[in-house]
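What follows draws every value from the coordinates through simple rules; no lab data is involved. Source: prediction; values computed, not measured. Cβ atoms come from the backbone with ideal geometry, glycine included; neighbour counts cover every protein chain shown.
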Ligand code: NAD
C-alpha cells in the first residue's frame, strides 16, 4: 500500500438542538468579535436564532447559487466596510460558497452551519461564476475552521430538496471511489458515507420532521465531502460541473439525475469501486443498490425536468470531453457521453440504451 493522504484541519461539532451555544463557543475559540452572518432571506429567522449569542455587526442575505462575481464583490465590500473578523454561514452550499469567496481574498475565518447535504463546508474548493462560466479553485483559506451540524435545522428542508441534496452527497461518495487522487482512506470514508446516506434518506422521506434520519444524512454528507475533497473530481463531477455551470441547471437535482448513468458506465471497469459501493448498499451490484434507493425516495429522474434542453446535448458533449479525467477507469469517447446525456435527459434505464438508428434496445456498452 503506497499513497499520500492529506487530512484537512477542521473542528467538527455534531450538536443536535444546540447550534446557538455551539456557534458561540466556536466563535469565541476563534476570537471573533465582529461577526458577519450570511444566510439566505428564507433562512433569516433560523440564522438569527443560531447566532443570537455572538457579536454580530452585519447580517447579509444576498445569496445566489454558483456565486456570481458581482455578488461576491458586494459581499466582500460589505465585510470590509463593517471590519468583519469572522463569518458565520447558515445555509446550504450557496451560502457556504459566498462565505468562502469572502475568505478567499481576506483570509477571514468561517464557522459554517450547514442546512443541506451539499457538503461544501468540508472542502477547500471555492466557486465563482462570471457570465455563463463557472470557475472553481482550491485554497486552504476557504476551508471553514469550524463546522456546527445541528440536525434540527435541516427539518425544514423540503423532502424533494432533501432527496436531491442527499443524492448529491451520495455522488461525492461514488465519484470519490475512482477520482484522480483517490486513496484507501477516501474509499473507506466514502463507503461509510454511502451506508449512512442509504439508511438516512429513506428515514427522512418517511419522517421529514424526525431528527434521527436527518442526523445520519448530515454525518453521511460530511464524510462524503471529506472523501471528495481529498479524492478530487471524477467523471461524474466533471459532467455535472459543465451542465450546472453552462446551462444553469439546479446543482443537487443535476447530480441526482446523472449519478446512475455514470455509475453504470464506470462500474464494469472499476471492480474495487463496484465491490465497495455494492457492499455499502447491501446489494448484489452497485447500480442495483443505487437504483433501489432512488426508487424508495422517488429521486429526480430526467434532466429535461430540470431545465436541460435536448438541443444542447451536442455542445455539452464537446465541453465535457475537454474535462474528462484522463485516468477515468474506462476510456470516454464522444458517443459514450452523448449516449449518457441523452439517457439522463430522457430518464431512461441507466443499464440500457435505446438505439434508435437500429430500432432496438441493447446493453449500454457497444463492443
Ligand atoms: P442551496 O444552498 O442553493 O439551497 C437550495 C435551496 O434550499 C435554497 O433555496 C435555500 O435557501 C434552501 N434551503 C437551504 N437549507 C434549507 C433548510 N434547512 N430549510 C429550508 N430551505 C433550505 O443548494 P445546495 O444544493 O445546498 O448548494 C448548491 C451550491 O453549493 C452550488 O453552487 C454548488 O456548486 C455548491 N457546492 C459547492 C461545493 C464545494 O465543495 N465547493 C460542494 C457542494 C456544493
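Treat each spin label as a single point 7 Å out from the Cα along the C-beta direction, and report the residue 333 to residue 272 distance in nm.
Reported label-point gap for residue 333 and residue 272 is 2.8 nm.
With the cut-off at 1.5 for a/c, could you classify segment 281-334 from its C-alpha gyration tensor as rounded, prolate or oblate?
It is oblate, given that a/c is not under 1.5 and a/b is not larger than b/c.
Give me Rg over Rh for segment 1-78, both radii from the alpha carbons and Rh done the Kirkwood way, two decimal places.
On the Cα set of segment 1-78, Rg over Rh gives 1.08.
Starting from the eigenvalues of the Cα gyration tensor, five times each then square-rooted, give me the equivalent ellipsoid semi-axes of the chain, largest first, whole Å.
Semi-axes from the Cα gyration tensor: 35, 21, 19 Å.
Could you work out the relative contact order of the chain? I mean the mean sequence separation of Cα pairs under 8 Å and 6+ apart, divided by the number of residues, in percent.
The value is 14 percent.
Per q in 0.08, 0.11, 0.16, 0.18 Å⁻¹, report the Debye log10 I(q)/I(0) for segment 159-346, using one uniform scatterer on each alpha carbon and no solvent.
Taken in order of the listed q values, log10 I(q)/I(0) reads -0.22, -0.42, -0.92, -1.17.
Compute the angle between helix 334-346 and the longest alpha-carbon principal axis of the chain, please, reported from 0 to 90 degrees and rounded to the nearest 10.
That helix lies at roughly 70 degrees to the long axis.
Quick one: angle between helix 69-81 and the longest Cα principal axis of the chain, in degrees between 0 and 90, rounded to 10, please.
Tilt of helix 69-81: around 20 degrees.
May I ask you to list the residues of segment 63-97 whose amide nitrogen lies under 20 Å from a point 7 Å from Cα along the Cα→beta-carbon direction of residue 48?
Backbone N within reach: 63, 88-92.
What percent antiparallel are the DSSP beta bridges of the chain, to the nearest 5? Walk me through the intermediate numbers first.
Values: 10 of 30 bridges.
The antiparallel fraction comes to roughly 35 percent.
Given axes a ≥ b ≥ c from the Cα gyration tensor, I'd like to know whether segment 176-269 is rounded (a/c under 1.5), prolate (a/b larger than b/c) or oblate.
Oblate shape, in that a/c is at least 1.5 and b/c is the bigger or equal ratio.
At 1.002 mPa s and 20 °C, plugging the Kirkwood radius over alpha-carbon pairs of segment 32-139 into Stokes-Einstein gives what diffusion coefficient in µm²/s?
158 µm²/s
What's the angle, to the nearest 10 degrees (0 to 90), between helix 286-296's Cα axis and the longest principal axis of the chain?
Approximately 60 degrees, to the nearest 10.
Can you give the extra length, in nm with one decimal, that the chain gains between residue 185 and residue 80 once fully stretched, where that is 0.36 nm per residue apart less the Cα-Cα distance?
On the way: separation 105, 0.36 × 105 = 37.80 nm, distance 3.92 nm.
Length gained between residue 185 and residue 80: 33.9 nm.
Determine the distance separating the Cα centre of segment 239-254 from the Cα centre of segment 265-297; give it in Å without decimals.
So the separation of the two Cα centres works out to 23 Å.
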